[in-house]
Amino acid sequence: MEHTQWSKVKDLLHSREFGKEVSVRGWVRTKRGNKQVAFIAVNDGSIIHNIQVVAETGNFDENLMKSITTGASIGVTGILVESPASGQPVEIQARQMELYGPADPETYPLQKKGHSMEFLREIAHLRPRTNTFGAVLRIRHAMAFAIHKYFNDHGFYYLHTPIITGSDAEGAGAMFRVSTLEMSNPPLKEDGKIDYSQDFFGKETKLTVSGQLEAELGALSLSRVYTFGPTFRAENSNTPRHLAEFWMIEPEMAFFDINDNMDLAEEFLKFLMSYALENCYDDLEFLQKMYDHELIERLKFVIDNDFVRTNYTEAVDILVKSGQTFEFPVSWGIDLQAEHEKWLVEKYYKKPVILTDYPKEIKAFYMKQNPDGKTVRAMDVLFPKIGEVIGGSQREEVLEILQKRVQELRIPEKDVWWYLDTRRFGTVPHSGFGLGFERLILFVTGMANIRDVIPFPRTPKNAEF
Ligand code: 4AD
Ligand code: MG
């Protein structure tokens, strides 16, 4: 916005137009000084660093000076000068200052530094004003932008899939209901069950767990599409890696087999890591210093290494022979837990890993079946610290095989007839995957808990803000 009457802190810190009159607006991070002069650090969220405002106390109203405390919002006009202080290139010699809103030092929760992450979660309405959350939110934005850029540059179309749905894509069964029926007195059918034909949509509806099934419809007409939207899971998993509301990126590609799918996932993730290093370096450096000393090295490590590609059976074999004691014992057929995934990545292969060909019983109905009758062409991408960051597969494109699986799993055909239709008319081999956006942000920021990489986390018993 070149036309506003004030500049962003980010631009001023990069400016060398000494002697020029500039204005800035933002929130006071700290104020120190003495009777003659005040040093006010102002931040407007445009960059991790503050700009220092130097105000000669005698030039300003006494009440104004008193009200300028940590957390207050102010506007400053003054002269941009080279800073004599080390660690900052420029500062502003204040000519005029105005107060937008005070922040009572007695009650402002961010008066002091160094709050715990747990405390900050309780003040999620104010935590974006901390350095940490400013950095995380800027990186989150940059990653969202990079995702759209990557797909746009590679001929994918952004497809908006519905949030309210009548189908359970993953068969996980942990969905939130969407209804306008009176909860205490719903209309009942003769058999005593709720009569959803009288509900808003005339049928039972839920919040979607994935946009994939609809994305497939897009891929089978536009060839390459992706979704990027909120998804919902009502599983009661209180872990540092699960949210009840999270964002998922789901590319879906016609004529891609599982190998093409893996190539895309690897290139895409590497692009995102490079984008972060090129565009978010200040924020990454801050997070590395404060929380995770290997952060930048780990991002480079993903870029520089070919991902290991192996299959589930092989991985289970390695885990069984490892001699490790895991909380969840390993045998062929189990769903791998984060502890297994992390061990494989961090201790065994020491590289990101893509596992394929999982047992069909632990994967969704739509995955392409292998000739062995036991496994499906699934692929999970496993990262250090995170475990599963991507889940995907080649899709079953043969109508008869898909229909048989739908029947075996007792999925009512009336719920998926439209999905089956795509295999009836012009079916093609195709593949896709889902990247958990917050899992990606966890990895890129080095934060430890998924609640700290989304502005307003939704987890069991938590929907305050
Ligand atoms: O492995 P999932 O369940 O796969 C799907 O939903 C497929 N329909 C994707 C596709 O093929 N289009 O979820 C995909 C990813 C996981 O790898 C994980 O990163 C993330 O979504 N994820 C979660 N992230 C945060 N909280 C949760 N509760 C998550 N569940 C899955
Ligand atoms: Mg998965």
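Couple of notes before you dig in:
- For the range 90-186, the set of GluC sites (Glu not before Pro) satisfying both a DSSP loop assignment and a count of at most 13 other C-beta atoms within 10 Å is given as 106, 182.
- Restricting the range 1-104 to chymotrypsin sites (Phe, Trp or Tyr not before Pro) in coil, as DSSP defines it, with at most 14 other Cβ within 10 Å: 18
- Rounded to the nearest 20 debye, the dipole magnitude of the chain is 840 debye, with +1 charges on Lys and Arg beta carbons, -1 on Asp and Glu beta carbons, and the Cα centre as origin.
- Cut-off 13 Å between beta-carbons: net charge of the residues surrounding residue 13, Lys and Arg +1, Asp and Glu -1: -3
- In the chain, the DSSP-assigned H stretches of four residues or longer account for a calculated mean residue ellipticity at 222 nm of -9000 deg cm²/dmol, using -39500 (n - 2.57) per stretch and the full residue count as denominator.
- Estimated from the Cβ-Cβ distance and a Förster radius of 51 angstrom, the FRET efficiency linking residue 221 and residue 56 is about 0.15.
- Portion, in percent, of the accessible area of the range 9-101 that falls on carbon or sulfur, probe 1.4 Å: 45
- Taking the charge dipole of the chain about its Cα centre, with +1 at Lys and Arg Cβ atoms and -1 at Asp and Glu Cβ atoms, the residue from 27, 128, 406 reaching farthest to the positive side is 27.
- Heavy-atom accessible surface of the range 275-427: percent carbon and sulfur, 1.4 Å: 49
- Whichever lysines have a C-alpha closer than 16 Å to that of residue 363, once near sequence neighbours (fewer than 8 apart) are set aside: 374, 404
- Antiparallel bridges, percent of DSSP beta bridges restricted to the chain (to nearest 5): 85
- When each of 31/66; 8/113; 35/66; 193/461 is checked by Cα-Cα distance, pairs over 18 Å: 8/113; 193/461
- Translational D in µm²/s for the chain (Stokes-Einstein at 4 °C, 1.567 mPa s, Kirkwood Rh from C-alpha pairs): 51
- Applying 1/(1 + (r/R0)^6) with r as the Cβ-Cβ distance of residue 104 and residue 267 and R0 = 60 angstrom yields a FRET efficiency of 0.70.
- Whichever lysines have a C-alpha closer than 19 Å to that of residue 351, once near sequence neighbours (fewer than 8 apart) are set aside: 270, 300, 342, 385
- As a ratio to 2.2 N^0.38 Å, the alpha-carbon radius of gyration for the range 315-454 is 1.20.
- The mean accessible area for residues of the chain, using a 1.4 Å probe and ignoring ligands and nucleic acids, is 50 Å² per residue.
The values are calculated or read from the model by the stated rules, or taken from the named source; none is laboratory data. Values in this document were obtained by computation on a predicted structure and should not be read as measured data. As a convention, Cβ positions derive from the backbone with ideal geometry for all residues, glycine included, and neighbour counts pool all protein chains shown. Only protein heavy atoms, including side chains, enter the accessible area calculation; ligands, DNA and RNA are left aside. Shrake-Rupley method; radii C 1.70, N 1.55, O 1.52, S 1.80 Å.
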